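Undergrad: Before we start, here is the structure in question, set down as structure tokens.
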Amino acid sequence: MRQPSESSVNATIWDSTTFYRTPNLKNNPLKRPRSCQNKECQKVDRISNLPDPIIQHILSFLPADDAIKTCILSKRWDTIWTLVPNLIFRRECSCSQEAENFAVFVDKALMHYRSPKVKKFLVEFEFTECFKAQVDSWVDFAVRLKVEELCLEFHREIADDPDYYYLPNFLYNNIPAEKLSLRFCALSPNKLKQVSWMSLKVLSISYSWLSNEMIKNICLGCSLLEYLKLNQCCGFDQINTNFSSSLKDLVVDGSWGPEDKFGDFVITIKGPNLLSLTLAGYMHRANYMLLDVSSLVEANIGYRMKSCSHGCRSNWYSAHRSVLHDLLEKLQHVEKLTIGTWCLQILSISEVKGLSSPTSACKYLTLNKKINKWDLPGIASLLQSSPNLQKLTINLMPSNNFEFELDRSFYKYYSFDGEEYWSLYNQRIFKCLVLHLKSVEIFGFDTSCSSLKLVVDQWVQFLLKNAKVLENMIIHAQRDDVNRTWMSVEAQELMELLELTQAFLSYPRASPNAKVMLESCFK
């Protein structure tokens, strides 16, 4: 057996009889540590005393190369890794030599694997056509071991790189997997006509070309499919889930239309059986239209759309307000609604211009936005349009906080005092505050940001003063550095937290049962 060089991705020594372990431990960079001479010390080796199945379960959470390295610990650990239920092979380096070494490493690992079944099999590296045969053999290996979750998540250094991984023909047959994740993989339109994924319940496809017919055939060939995610895919303008009565959860995370249809390209979604719908990511040259989503219980509108030049912002806003207004009308019946950054900005512009939002039956509302004063009108609009609201959640540190820039003339013409904004609404009746709102939870409250602290402070005062049936208000405070411990928190910061807590507790409350809690994430 040819030995890899010392620069091999496993960074260990191989020989003809062992894998990741050699008899010559003196030259092994991962040589077994000297055993402890202290008898008391030897007694506390609780990990080695665990049964093999528990150790294998623990190792299954590690990447395969880390799990394999444990074989140098003792003779007992020699083969424990070969029975771990999960095989995770991940390599982020784009170097061609590293990729070749990685492929050799995967081949070797699968040769020594002894479990009759694999629960999860994941491969992630920069795929090129030269690895096609090897990857096919890895996939065949996983299928033969009745894999439950198969993840082929390739990445590319160059976006226009033509090297997609074409799924092997046998993978379109009745594979045992219940979960399948594909990234930068090419699916055959002809093969999908006979696809038979009868056990599949969760399917995620990223960075692939899919036609309307291909999506239809996927739905027809997956009789148990419950969750479908399309991430940055293109080639389709319709998602019709009528062909899959089992599909309950649809996620569309970004998409784009052809360049010659800018502004006119619409992706229609028809899903009378869907219970949950998420529209996220960046919509490039495309809009959404919902035709039938009558069964929806939960909806997340967190997508953003292409910005415009300074000369056409008025038309741009009007067009996107119309899209959002139509979406909210179709989602009037949902109980759980999540609004993202871009959508909240559009709602704020509409509110200051005197345009109301469609009435909603929403009971649980989540806002994913780092709030500033220009978001307050959008929040007011949502409160007004959600008379049945019972719980309000605000995430002030969302993973996607892309904002579009408002025109300077807008700032000038519609300027208002953020500090006094809610005082203007003291005479305005929000039905949800009077009858239903019982819980408010705020995450990611950065107490080091003075502008955010001011906005939250005014918001808390307003809610406590007007929410007549409020029971709980929980505010999760944190600083930018979430890994700091109490030992590193300065006295000044602790004093600020104490003062903030005292201020929140001192505000008048309309509800006699309202409890206010300020929690810090310091460890």
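Undergrad: Taking segment 106-125 only, how many residues are in a helix (DSSP H, G or I) and open to solvent by 10 Å² or more (accessible area, probe 1.4 Å)?
TA: Total meeting the criteria: 5.
Undergrad: Taking Asp140 as the residue in question, decide whether it is touching a Pro at 6+ places or on another chain (Cβ under 7 Å), modelled with pLDDT of 95 or more, part of a helix (DSSP H, G or I) and open to solvent by 20 Å² or more (accessible area, probe 1.4 Å).
TA: In short, no.
Undergrad: Now a separate question. Could you list, in sequence order, the residues of segment 126-137 that are aliphatic (A, V, I, L, M) and open to solvent by less than 10 Å² (accessible area, probe 1.4 Å)?
TA: Listed by number, the list holds a single entry, Val135.
Undergrad: Out of all the residues in segment 245-266, which are at pLDDT 90 or above and within 16 Å of Met214 (Cβ to Cβ)?
TA: The answer is Leu247, Leu250, Val252.
Undergrad: Among the residues of segment 362-375, which ones are aliphatic (A, V, I, L, M) and either modelled with pLDDT of 90 or more or open to solvent by 40 Å² or more (accessible area, probe 1.4 Å) (or both)?
TA: Leu365, Leu367
Undergrad: Only residues that are of a type in the set (S, T, N, Q), out of contact with any Cys (no Cβ under 8 Å at 6 or more places or on another chain) and in a loop (DSSP other than H, G, I, E, B): list them for segment 353-389, please.
TA: Residues satisfying the conditions are Ser356, Ser357, Thr359, Ser360, Asn372.
Undergrad: Consider segment 334-361. How many of its residues are open to solvent by 40 Å² or more (accessible area, probe 1.4 Å), polar (S, T, N, Q) and at pLDDT below 90?
TA: Result for segment 334-361: 1.
Undergrad: Could we say that Glu157 is on the phi < 0 side of the Ramachandran plot, at pLDDT 90 or above, among the acidic types (Asp, Glu) and open to solvent by 50 Å² or more (accessible area, probe 1.4 Å) here?
TA: No: the conditions fail for Glu157.
Undergrad: Failed condition for Phe89, given (1) surrounded by 15 or more Cβ atoms within 10 Å (Cβ to Cβ); (2) assigned to a loop (DSSP other than H, G, I, E, B), with all others met?
TA: (2)
Undergrad: Among the residues of segment 418-438, are any under 19 Å from Cys343 (Cα atoms) and either modelled with pLDDT of 90 or more or not aromatic (Phe, Trp, Tyr) (or both)?
TA: no
Undergrad: Further question on the same structure: Return the only residue of Ser409, Ser448, Ser511 being part of a loop (DSSP other than H, G, I, E, B), open to solvent by less than 80 Å² (accessible area, probe 1.4 Å), at pLDDT below 90 and of a type in the set (S, T, N, Q).
TA: Ser448
Undergrad: Looking only at segment 100-121, count every residue that is out of contact with any Lys or Arg (no Cβ under 7 Å at 6 or more places or on another chain) and either of a type in the set (A, V, I, L, M) or farther than 18 Å from Phe154 by Cβ (or both) and tell me the total.
TA: Residues meeting the conditions: 14.
Undergrad: Scan segment 96-125 and report the pairs whose first residue is touching a residue at least 24 places away in the same chain (Cβ under 8 Å) and over 22 Å from Leu167 (Cβ atoms) and whose second residue is assigned to a helix (DSSP H, G or I) and among the polar types (S, T, N, Q), with Cβ atoms within less than 8 Å and a gap of 6+ or a chain change.
TA: Here the result reads His112/Thr82; Tyr113/Thr82; Arg114/Thr82; Ser115/Thr82, each pair linking segment 96-125 to a residue that is assigned to a helix (DSSP H, G or I) and among the polar types (S, T, N, Q).
Undergrad: Same structure again: Which numbered condition trips up Thr393, out of (1) modelled with pLDDT under 75; (2) among the polar types (S, T, N, Q); (3) within 25 Å of the chain's Cα centre (by Cα)?
TA: Looking at each condition in turn, Thr393 falls short on (1).
The values are calculated or read from the model by the stated rules, or taken from the named source; none is laboratory data. These figures come from a predicted structure and were not determined experimentally. We place every Cβ from the backbone using ideal geometry, glycine too, and count neighbours over all the protein chains shown. Areas reflect the complete protein model, heavy atoms only, side chains present, ligands, DNA and RNA absent. Shrake-Rupley method; radii C 1.70, N 1.55, O 1.52, S 1.80 Å.
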